[in-house]
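> If you scroll down you'll find the structure; I have some questions about it.
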Amino acid sequence: MRLEKCWFCSSTVYPGHGIQFVRNDAKIFRFCRSKCHKNFKMKRNPRKVKWTKAYRRLHGKDMTQDSTFEFERKRNRPERYDRNLAENTLKAIKKIDKIISDRASDHIKNRLKTGKVQRQKEARKQLELGIHLVKAPLALAQDSSLCLPKIKVNVSQAQTEENQPMED
Amino acid sequence: VIGASNRRYAHIGDVIVAVIKEAVPNTPLERSEVIRAVIVRTRKELKRDNGMIIRYDDNVAVIIDQEGNPKGTRIFGTIARELRQLNFTKIVSLAPEVL
């Protein structure tokens with residue numbers, strides 16, 4: 001049993017999945033599902049199709065060089081079965097998987113960092129320009145640093161004027 | 001299709017009766033000769049028990065005689081492993097690649 005890679009999208013093809021196509025020059029193309037197979041029949045180049053691994057690696061969206069890729073190289077010699085070896089391999093696979101996914105997500109995060117910084121800068125600028133849209137007038141009133149100082153004027157009101165009823 | 005009464009379509013490993021439409025000159029075969037052949041590659045997918053599905057790029061058959069030995073001496077292209085189970089050992093051994 002062997003886990004192959006899809007020729008089009010580079011995902012793993014598990015046994016029982018997908019179609020193998022043998023060309024007349026005896027080159028074998030393996031596909032993981034009919035989506036990849038149909039794209040191949042349409043003669044699409046996977047390096048130009050955005051969702052494939054080939055495109056992502058080519059355009060620097062996913063990491064290309066890493067020492068962990070050595071583990072996935074194709075080896076044609078079968079290993080003699082050794083229980084300890086098998087056990088250690090299984091444990092290592094788990095660890096390596098985690099490391100690979102961590103490194104890949106780090107790569108993507110680094111790639112997206114510059115965009116984040118730029119967006120924050122733009123947002124700050126926009127806040128400065130449009131502060132009147134953001135702070136309510138009440139808040140401006142309470143916070144004396146944001147508006148003109150208030151002047152208190154005392155108005156004296158004669159009380160007799162109010163209490164006297166209207167003359168007939 | 002030999003060995004199956006009135007079957008419509010033949011698959012990889014079936015022996016068929018065919019007639020020669022085109023012949024390369026200077027071969028022992030002549031046009032409009034009725035011969036038997038075994039199909040080795042089809043464009044239609046071949047399904048295996050382990051779930052593997054194989055498709056070739058062309059439809060190809062190998063001309064054989066009554067016993068199942070190929071009439072020619074060379075075979076071009078890949079052959080499916082199913083032919084070995086069907087006792088076409090000579091064809092399988094001559095094939096450059098068995099898939």
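> Checking B:R55 against (1) in a loop (DSSP other than H, G, I, E, B); (2) at pLDDT 80 or above; (3) charged (D, E, K, R), which test does it fail?
Of the numbered conditions (1) in a loop (DSSP other than H, G, I, E, B); (2) at pLDDT 80 or above; (3) charged (D, E, K, R), the odd one out for B:R55 is (1).
> Also: Mind telling me which of the residues A:R111, A:R77, A:R56 ends up being in a helix (DSSP H, G or I), among the charged types (D, E, K, R) and closer than 23 Å to A:F29 by Cα? Let's see the steps before the verdict.
Working: A:R111 fails: closer than 23 Å to A:F29 by Cα; A:R77 fails: in a helix (DSSP H, G or I).
The match here is A:R56.
> Does segment B:43-57 hold any residues that are touching a strand residue (DSSP E or B) at 6+ places or on another chain (Cβ under 8 Å) and facing chain A (nearest Cβ under 7 Å), and which are they?
Quick first cut of segment B:43-57, residues touching a strand residue (DSSP E or B) at 6+ places or on another chain (Cβ under 8 Å) only: B:43-48, B:52-57.
Within segment B:43-57, B:E45, B:M52, B:I53, B:I54, B:R55, B:Y56, B:D57 qualify.
> What are the residue pairs meeting all of these: first residue in segment A:95-117, first residue among the hydrophobic types (A, V, I, L, M, F, W, C), second residue part of a helix (DSSP H, G or I), Cβ atoms under 7 Å, and 6 or more apart or on different chains?
Note: pairs meeting the criteria are A:I96/A:T68; A:I96/A:F71; A:I99/A:T68; A:I100/A:T68.
> Also: Which members of segment B:58-87 meet the condition of being assigned to a loop (DSSP other than H, G, I, E, B), crowded, with 17+ Cβ neighbours inside 10 Å and either in contact (Cβ under 8 Å) with a residue 60 or more places away in the chain or facing chain A (nearest Cβ under 10 Å) (or both)?
Correct list: B:G77, B:A80.
> Which of the following residues is more than 21 Å from A:N24 (Cβ to Cβ) and charged (D, E, K, R): B:K44, B:K90? Outline the logic, then answer.
Numbers: B:K44 fails: more than 21 Å from A:N24 (Cβ to Cβ).
Sole residue among the options that is more than 21 Å from A:N24 (Cβ to Cβ) and charged (D, E, K, R): B:K90.
> Among the numbered criteria (1) under 30 Å from B:T78 (Cα atoms); (2) at pLDDT 90 or above, which one does A:R2 miss?
(2)
> Please specify each residue of segment A:15-46 satisfying the condition of being more than 9 Å from every other protein chain (Cβ to nearest Cβ), surrounded by 13 or more Cβ atoms within 10 Å (Cβ to Cβ) and out of contact with any strand residue (DSSP E or B) (no Cβ under 8 Å at 6 or more places or on another chain).
Of everything in segment A:15-46, those that are more than 9 Å from every other protein chain (Cβ to nearest Cβ), surrounded by 13 or more Cβ atoms within 10 Å (Cβ to Cβ) and out of contact with any strand residue (DSSP E or B) (no Cβ under 8 Å at 6 or more places or on another chain) turn out to be A:R33, A:K35, A:C36, A:N39, A:R44, A:P46.
> Follow-up. For segment B:16-25, state whether one or more residues are part of a loop (DSSP other than H, G, I, E, B) and under 20 Å from A:F31 (Cβ atoms).
Step one: filter segment B:16-25 for residues part of a loop (DSSP other than H, G, I, E, B), giving B:20-25.
Retained after the next criterion (residues that are under 20 Å from A:F31 (Cβ atoms)): none.
Within segment B:16-25, none of the residues are part of a loop (DSSP other than H, G, I, E, B) and under 20 Å from A:F31 (Cβ atoms).
> Quick one: A:T89 ticks every box in (1) surrounded by 11 or more Cβ atoms within 10 Å (Cβ to Cβ); (2) polar (S, T, N, Q); (3) within 26 Å of the chain's Cα centre (by Cα) bar one, so which box is it?
The failed condition is (3).
The values are calculated or read from the model by the stated rules, or taken from the named source; none is laboratory data. Quick caveat: nothing in here was measured; it's all calculated off a predicted structure. We place every Cβ from the backbone using ideal geometry, glycine too, and count neighbours over all the protein chains shown.
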